[in-house]
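Chemist: Let me give you the structure first, and then I'll get to my questions.
The values are calculated or read from the model by the stated rules, or taken from the named source; none is laboratory data. Because the structure is predicted, anything quoted here is derived from the model rather than measured. Neighbour counts are summed over all protein chains in view; Cβ atoms, including those assigned to glycine, are modelled from backbone coordinates with ideal geometry. Note: accessible area is taken over every heavy atom of the protein model, side chains too, but ligands, DNA and RNA are not part of it. Shrake-Rupley method; radii C 1.70, N 1.55, O 1.52, S 1.80 Å.
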Amino acid sequence: MRLRVLGSAAGGGFPQWNCGCLNCAGVRAGSLRAASRTQESVAVSADGQHWFLLNVSPEVRQQIESFEGLWPQRARHSPIAGILLNNGDLDHCLGLLSLRESHPLVGYATEAVRRGFTEGNVLYKTLQRFPEQLRWETLVLGREMPLLLPDGGAESGLVLTALPVPGKRPLHLETLGAPSPEDNVGFRIRDTRTGKTLAYLSAVAGWSPVVDELVGGADCVFFDGTFWTSDELVNAGLGTRRAEDMAHWPVGGVGGSMKYLSEIRARRVLIHINNTNPLLRDDGPERAELSKAGIELAHDGLELEL
Ligand code: MLT
Ligand code: MN
Ligand code: ZN
């Protein structure tokens, strides 16, 4: 299985357009040792020809152009075989609307996530200009399903299982409808040829037995790296919401995810990094601590092979 990180930042990206925090201002000025980052999305492939996107960010056009593997090979073509959504947050699905140039797409999502995107959304009509312009494959929690190639439905060599992990409904749906375990899932993606397994959990509110189950059996784990501390936004004077209010498990500190992940054997990579996170500084003490725990920080363009 091949992986390419298209975007590694949380919603808003790094720097964020309306943010002048120390990190954002520093990366703009070039005074900070840090790389700018686009919003979270990862491409995975078993054969290096057909790619599945894990989330589709508002920056998808630029992300496709940044990676030759996603360039068309004919007058009308895309190597993107499917798009997997792990929740309905706009940083994960807004890019669907940018892929509206009359190209057949396949979306993999739970029913709750699909409905959150499609129902009452007049803009969705732009993806319904012909039958099956965007065809949905419904993810049933805990049920393994093959990821198929769009032309003819041959097996791609990857199989997917979605499992419910602690999280929340997207902001725009918080007051609409009841929360469901389908609102936020983690992915297990297995290469049927090599048996290698990726666990993809880019939004995790905290520990649960399912988090253990996903992380435990994986060869590589991508994990929620949004915030270093709970009160990062509050302390920077940027808001009142703590990491927990936003359903993100902070990385640092006694109860942080770094401590949890430090005991896991798999290759571990943090993704969905918020622009306020001190981990973004390449030469900071937090990054040194992370490295010491054997954990990597994703950056745009990172490629790896399992
Ligand atoms: C999140 O990761 O918490 C969300 O993307 C926040 C948002 O929807 O802006
Ligand atoms: Mn997000
Ligand atoms: Zn900022």
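Chemist: For the stretch 108-241, max minus min Cα coordinate along each principal axis, in Å, sorted largest first?
Modeler: 53, 41, 24
Chemist: Once amide H atoms are built 1.01 Å from N in the peptide plane, which residues 5 or more positions from I273, or in another chain, come under 5 Å H to H?
Modeler: The answer is A9, A10.
Chemist: When only DSSP loop residues count, what chymotrypsin sites (Phe, Trp or Tyr not before Pro) in the stretch 13-120 have their Cβ near at most 10 other Cβ atoms within 10 Å?
Modeler: In loop regions of the stretch 13-120 (DSSP not H, G, I, E or B), the sparsely surrounded chymotrypsin sites (Phe, Trp or Tyr not before Pro) are W17.
Chemist: Residue-wise, which Karplus ³J(HN,Hα) couplings in Hz belong to the stretch 158-163, taking 6.51 cos²θ - 1.76 cosθ + 1.60, θ = phi - 60°, and x for glycine or proline?
Modeler: After applying 6.51 cos²θ - 1.76 cosθ + 1.60, I find 10, 10, 10, 10, 9, 10 Hz.
Chemist: Loop only per DSSP, at most 14 neighbouring Cβ atoms within 10 Å: give me the trypsin sites (Lys or Arg not before Pro) in the stretch 233-306, ordered by residue number.
Modeler: R241, R265
Chemist: Determine one quarter of the surface area of the Cα convex hull of the chain, which equals its mean projected area, and express it in nm² to one decimal. It would help to have the intermediate numbers written out before the result.
Modeler: Working: hull surface 61.6 nm².
One quarter of the hull surface, i.e. the mean projection, equals 15.4 nm².
Chemist: How far apart, in nm, are two points set 7 Å out from the Cα along the Cα-to-Cβ line at R129 and at A154?
Modeler: 3.0 nm
Chemist: Of all trypsin sites (Lys or Arg not before Pro) in the stretch 1-99, which ones are in loop regions per DSSP and have a Cβ with at most 16 other Cβ atoms within 10 Å?
Modeler: R33, R74, R76
Chemist: Working with all protein chains in place, sort S31, S45, S102 by solvent-accessible area computed with a 1.4 Å probe, largest first.
Modeler: These residues rank, largest area first, as S31, S102, S45.
Chemist: Let me ask another. Would you compute, for the Cα atoms of the stretch 1-160, the largest minus smallest coordinate along each principal axis and list the three values in descending order, in whole Å?
Modeler: Extents along the principal axes, in whole Å: 51, 37, 37.
Chemist: Can you pull the one-decimal nm distance between simple spin-label points at L22 and R100, each 7 Å off the Cα toward Cβ?
Modeler: 4.1 nm
Chemist: Of the accessible area of the stretch 152-306, with the probe set at 1.4 angstrom, what percent is carbon plus sulfur?
Modeler: 52 percent
Chemist: Short version: ³J(HN,Hα) in whole Hz for each residue of the stretch 289-306, in order, from phi by Karplus 6.51 cos²θ - 1.76 cosθ + 1.60 (θ = phi - 60°), x for Gly and Pro, what are they?
Modeler: So the Karplus estimates, Gly and Pro as x, are 5, 4, 4, 4, 7, x, 10, 9, 10, 5, 9, 4, x, 4, 10, 8, 10, 10 Hz.
Chemist: Scanning the chain for GluC sites (Glu not before Pro) in DSSP loops with at most 11 other Cβ atoms within 10 Å, what's the longest stretch left with none?
Modeler: 1-100
Chemist: Now for a separate question. Once you put a point 7 Å from the Cα of E137 and another 7 Å from the Cα of V254, both along the Cβ direction, what distance in nm separates them?
Modeler: Simple spin-label model gives 4.5 nm for this pair.
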